[in-house]
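Step one of this worksheet: look at the structure below.
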4 protein chains.
Amino acid sequence: MKKRKICVVIASRVHYGRLKPVLEAIKQHPNLELQLVVGASALLERYGNITQMIQQDGFTINETFHMILEGENPITMAKSTGLGILELSTIFANLKPDVIFTHADRFETLATAIAASYMNIPLVHNQGGEVTGSIDESVRHAVTKLAHVHTTTNAETSQRLIKMGEDPKTVFITGCPSIDLAKGTDLSVTKNVLMNYKGVGNSIDITQPYLVVLQHPVTTEYGNGLQQINQTLQAINELKMPTIWLWPNVDAGSDEISKGIRLFREQHDPPFVYFLKNMHPEDYLKLIANASCCVGNSSSFIREGSFLGTPAVIIGTRQQGRTKAKNVVEVDYDKQQILDAVQAQIRHGKFPSDTMYGEGNASKKIADILATCRVNIQKRIQY
Amino acid sequence: MKKRKICVVIASRVHYGRLKPVLEAIKQHPNLELQLVVGASALLERYGNITQMIQQDGFTINETFHMILEGENPITMAKSTGLGILELSTIFANLKPDVIFTHADRFETLATAIAASYMNIPLVHNQGGEVTGSIDESVRHAVTKLAHVHTTTNAETSQRLIKMGEDPKTVFITGCPSIDLAKGTDLSVTKNVLMNYKGVGNSIDITQPYLVVLQHPVTTEYGNGLQQINQTLQAINELKMPTIWLWPNVDAGSDEISKGIRLFREQHDPPFVYFLKNMHPEDYLKLIANASCCVGNSSSFIREGSFLGTPAVIIGTRQQGRTKAKNVVEVDYDKQQILDAVQAQIRHGKFPSDTMYGEGNASKKIADILATCRVNIQKRIQY
Amino acid sequence: MKKRKICVVIASRVHYGRLKPVLEAIKQHPNLELQLVVGASALLERYGNITQMIQQDGFTINETFHMILEGENPITMAKSTGLGILELSTIFANLKPDVIFTHADRFETLATAIAASYMNIPLVHNQGGEVTGSIDESVRHAVTKLAHVHTTTNAETSQRLIKMGEDPKTVFITGCPSIDLAKGTDLSVTKNVLMNYKGVGNSIDITQPYLVVLQHPVTTEYGNGLQQINQTLQAINELKMPTIWLWPNVDAGSDEISKGIRLFREQHDPPFVYFLKNMHPEDYLKLIANASCCVGNSSSFIREGSFLGTPAVIIGTRQQGRTKAKNVVEVDYDKQQILDAVQAQIRHGKFPSDTMYGEGNASKKIADILATCRVNIQKRIQY
Amino acid sequence: MKKRKICVVIASRVHYGRLKPVLEAIKQHPNLELQLVVGASALLERYGNITQMIQQDGFTINETFHMILEGENPITMAKSTGLGILELSTIFANLKPDVIFTHADRFETLATAIAASYMNIPLVHNQGGEVTGSIDESVRHAVTKLAHVHTTTNAETSQRLIKMGEDPKTVFITGCPSIDLAKGTDLSVTKNVLMNYKGVGNSIDITQPYLVVLQHPVTTEYGNGLQQINQTLQAINELKMPTIWLWPNVDAGSDEISKGIRLFREQHDPPFVYFLKNMHPEDYLKLIANASCCVGNSSSFIREGSFLGTPAVIIGTRQQGRTKAKNVVEVDYDKQQILDAVQAQIRHGKFPSDTMYGEGNASKKIADILATCRVNIQKRIQY
């Protein structure tokens, strides 16, 4: 039997972290052949070029591409999407995949989905039906309407997809593959986890209590990023606890966040904060698994966090509407609220593991769906 | 009070035909300023460059743009979408509209919607909630998930949008503006209607019985276009009735259709068929209003056709699922079925007018919504 | 020894015709590996998709790409160049060639040259130093200034490159590879040469006297194409001799030329003209080798024509300044001049072969240069 | 008389600094209308967004555009050029300029030249005929071959253009407009010149002796940037003199240079260096006019420097071949050579002013040429 060619586009460090177990499962599936495309911020030094990391993990990269315009503003985010479609359509035309697997809700995802759709290539979408803030909310649902098959995190999101008019026969609850990695990895930390990463500031001892901060821009609130991040920076400055701070992603407003961080460093040069660009997915999981508290608006604090039970303080609107386990407390863009919530979460300590985002066996299920799904290229809403 | 700047992108002759009453209503609204952008196939001689027509109708064109890649295949359709986003984002950044109004389900629409969404510009979408075949079906619903406000054709489509999770407060039944033009125009034909258009073949006398044929490619059935159009061509060749045949739009597969038509002309040089590229919207309406039967898969045969009561034979899957009035008979890509159906429809003659697609007063309502709608840039699904 | 990877971009049927012997020579060279990229109008049905032809000739196509915007006007020609750079840079980044070989003076050539230059990939340019009209004149010399090595047609063009400031050590007289094909092919015609091509009109018997017409647009005279081609059409219509007419290339103004041809066909339906889109390079050579006269502005009438000795009438400015052999007569865009010149040329009959454009052994020389050239990536003008 | 519309594209802070006097002269010319387009790195916060500065100087910006891809590597530099052509062709099509004026040798210049050329818009190029290293060398000469009219710095460069085959009637010695600004500005410094700029590090007192450093990447030596800049950084670190360090431009390799600077700051946090992104052109001139020595590879140290007489140490190949006055000493990428040369230059002190790059009256001459030049759109090499 001819193997199905499954094309996966890795567009950022987070993409890779989440999809690594799926890539493994595809690679090992007897009826599948992996076509790995790496591009967008995954190639950029500024956001942590991860091509080497991917190759060291044993994957062969079939094609690479650039699609990110400088500016990190609403105009360039639109343009990057357009450029992504131009790039990916050529790559898909040359690789001729049987199925394209795409993930989540970013502009790279939308570019992938549009290229696949117009090219009549079956599209399997992961993480549909979730609810958040930012433009991701609209984009995720738009991608759902373009996708032929859906692999979802849980029954609630599957149900939402069906309500939206997707054919129930195309919706599969698999759990999120990010949980697979969390489950399959020894998450104990040793002093040297951070050794491999060249950050900025004084490195910290993560065998002692520490915080992790990751706050992305909210594109629909573009223009407010600087004042938003300042609240977080002031709270951290007051906490004076060892903190690992990860740089934001490439969304519109990223420069506002980065500027805030840089100004803060210039003014305060806080000896207790270590700034990092990117990490191996497993190391990142170790980091948040063992943190006293995670602070910001990264979905990983909610998703992987629910499974890991790490206390988290989620700031602002970016994750509004997303299903959350007990480990999460939500606060406004407000220094005092952040401060109070982090202190309360630290006092509370670890929460029990919750499997609302998956039980850790999603990748194998996804690979099986990719190998067997029968797609009707002509979609039709169910009502 | 500062007028709201409403940007409308006209991307094809059909776009213009449908939206002309809306452009008029915006232009005349005391609180609105029209920003008119014309591009894509609306600029191309091959598809009938309509810029002059638009200017002669009294509109000022603010900006023009090119976005169509040659090939008319699935790859270039994807690429044209990407290029459209690149072009439109620059234009929107320079025009700085308060609201963007977009229409229907084409790749130009998707490009408009994506540029608007990422740029945090309120997006009003017309014709959401309808159901068809082709990639348009997926794209229409994807655009719905990106749009902030919806102006719809009827209660059924409004209801569908709400089921899809749109906020009912953002969904307005206005009817389709294409009906406004049908209602507001004297549709009696005189011999000279066709005089202004340089077609190919012998011109025909449209005061005598005639057919209109317009059959677009179905992108999700790319590769079958030639054999599909051949069935229609053979049926028409057998009918030997005066026929006005309009060239297909710019979708993937357009070249297959055009090739079929050209080969047919080479072989048969049928003296009773007149091939036309584009017409004034009003003249096009006259044409279909007075036809003995309309044949093909144009939505105008269903939409404007329902109001006009012109018998129509709809071929294949492109309009599958779309609500249809009694004037429509559906057949397969099959010469004999087409032949039988056209003959039966001619025998039946005109149908009573049906207002399922609107009562002819949509444009004014749409302009009022554009003038007054309050948009929450951050969308959120309602369940 | 590791083989040098030589990337060649084939962007049109003419490109392919001219470069086929070079592709062969690279393929057979012990120290070279051919990376074949096919795109632009070479993929378009309208201009004669030649991918199948290339594969049937035994070449493996590594990557394909689209870059042509519809419109065939000055704006879209600029945009196609830009898009070509976007496409080719990704392809070059993935193929990682050691050397890129490019040809002539078209916008696809310029796109190739710019991508190569900025990517620090050694660029070998063929046909530099020639002189013509149209924008090709400027583009050819611009490409020269970007290229690291030059393979030229003759001593005159080599001398011109050196005058322009190119390092003499980088300029090699090889002759034009198009002559190789002319020399290496049995050019006798049989009735069935045209059998494999689906043209428009009545096929003609090329064992009897016939004309070949090929007239491209002149981009720097954009807007005059229709009236220019009309002069030629009227002359041909008066000659009433069997004529094979080839459609123009994709340059700005192409639609003007095509429109003129189409209107002419509608009005006159001349039974003695057969319209063709594309041919196998060898068949095209047979065609012009045996024509009574070639008419238009194709460089092949001058270049291959000099070697073949076929009488030619060159119309207008497109080839102004180009070195010509005795087989060429130049006339203005003027029906009477064309008519008189064609009749005089037919009366004259064949001219002796002239090797001013090469002796038929260029490809092997070019392959050797590609295998051995040592390139200084940093260019510097020589004065 | 209808004013000629002159379009100028400002693509970076340096562009603006050099062309400001020309913009003024166009604005004030009775027969000219200025169409000002601002984009590329001129819009980017990272490189110092200068739109506000331009508007505060009294200019109206007609259109803005984005064209820079992230990566600052050879692939993205090619892609940025392609994207620039896509953007500028639309802008030119909408602005319909009579003449486009472009400057120097950057990828934004090349994009401008290509769009203008294919669109048959007369192109006037400034600074042709100069000689340097980096890819700029090739690009500058390629732009020459596309330009219709040339305004040059001096007799030597004019002569070079004519040798390259440009028509002498199209070559005008005007001097470089950058000298106009140097001549027309009071260059005495006061303590507060730096007050308006938010740099990084401790501000310095520029009424006391100081150095200026500006070192751009050399694209043709991509991959060596980090080790090149380290030599300069070490030399400066040893000199321990107050230093104003300007960030590099957006060329391929920029990230290497920036990374070197950032690592240096992390390690040494030198209290005597102040890092700045962008300045008002006049303030920049004050800075270099009063520096004890300028260090790096900026052409301003040679061009404006010749007029100002400021001692300069030029490092590496970027300015190789460029005509230099006595104020310049050239050294290799070598800490010790840099150190020695800077110390020698400081000991020497100011040099006499040299007018080899102009006498300070170029802008008026350029405006007159723009107003009166008669362009033959069809170029032809002169031999």
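Read-outs throughout are calculated quantities, based only on the coordinates presented, and are distinct from any laboratory measurement. From a predicted model like this one, the values you see are computed outputs, not experimental measurements. Glycine gets a Cβ as well: all are built from the backbone with ideal geometry, and neighbour counts include every protein chain shown.
A few notes on this one:
- Global form of the range D:176-245, assessed from the alpha-carbon gyration tensor, a/c cut-off 1.5: oblate
- Over all other residues within a Cβ to Cβ distance under 14 Å of D:D255, the charged ones net out to -1, with Lys and Arg as +1 and Asp and Glu as -1.
- The range B:149-201: proportion of alpha-carbon pairs further apart than 11 angstrom, %: 76 percent
- Dividing the helix sum by the residues of chain D, where each DSSP H run of 4 or more adds -39500 (n - 2.57), gives a mean residue ellipticity at 222 nm of -13000 deg cm²/dmol.
- Rounded to the nearest 10 degrees, the angle from helix B:74-95 to the longest Cα principal axis of chain B is 40 degrees.
- This model, with +1 at the C-beta of Lys and Arg and -1 at the C-beta of Asp and Glu, gives the range D:191-348 a dipole about its Cα centre of some 320 debye.
- Paramagnetic label zone (point 7 Å from Cα along Cα-to-C-beta, C:N31; backbone N under 19 Å) in the range C:342-383: C:362-377
- Full extension of the segment from D:R262 to D:R347, taken as 0.36 nm per residue of separation minus the current Cα-Cα distance, would add 27.6 nm.
- Per residue of D:109-116, other chain Cβ atoms within 10 Å of the residue Cβ number 4 on average.
- Based on Cα contacts under 8 Å between residues 6+ apart, the range B:191-348 shows a relative contact order of 26 percent.
- The C-alpha radius of gyration of the range B:1-73, expressed as a fraction of 2.2 N^0.38 Å, stands at 1.17.
- Shape category assigned to the range A:35-110 from the gyration tensor of Cα positions, a/c cut at 1.5: oblate
- 3J(HN,Hα) couplings calculated from phi for the range A:225-233 with the Karplus curve 6.51 cos²θ - 1.76 cosθ + 1.60 (θ = phi - 60°) are, in sequence order, x, 5, 5, 5, 5, 4, 4, 5, 4 Hz; Gly and Pro show x.
- Lys, Arg +1 and Asp, Glu -1 on Cβ, resulting dipole of the range B:304-383 about Cα centre, debye, nearest 20: 400 debye
- Farthest toward positive dipole pole in the range A:191-348 [+1 Lys/Arg, -1 Asp/Glu at C-beta], among A:G223, A:P270, A:I346: A:I346
- Rounded if a/c under 1.5, otherwise prolate or oblate - the protein assembly as shown, Cα gyration tensor axes: oblate
- Average 1/r across all pairs of distinct alpha carbons in the range D:191-348, invert it, and you get the Kirkwood radius: 15.4 Å.
- Looking at chain D, the pairs of alpha carbons with a distance over 32 Å make up 29% of the total.
- Normalised by 2.2 N^0.38 Å, with N the number of residues, the alpha-carbon radius of gyration of the range A:258-349 equals 1.11.
- Nm distances between copies for C:N202, ranked from closest, using label points 7 Å along Cα→Cβ: 2.1, 9.6, 9.6
- The local environment of C:F301, defined by Cβ-Cβ distances under 15 Å, has a net charge of +4 under the rule Lys, Arg +1 and Asp, Glu -1.
- Around the Cα centre of the protein assembly as shown, unit charges on the Cβ atoms of Lys, Arg, Asp and Glu (plus for the first two, minus for the last two) sum to a dipole of about 0 debye.
- Rounded to 5, the percent of DSSP beta bridges in the range C:191-348 classed as antiparallel: 5 percent
- Antiparallel %, DSSP beta bridges [both residues in the protein assembly as shown], to 5: 5 percent
- Farthest toward the positive end of the dipole of the range C:282-383, out of C:I302, C:Q378, C:V329, is the Cα of C:Q378, where the dipole comes from beta carbon charges about the Cα centre.
- P(r) of the range D:122-266 over all Cα-Cα pairs, binned every 10 Å from zero, in whole percent: 10, 27, 26, 26, 10, 0
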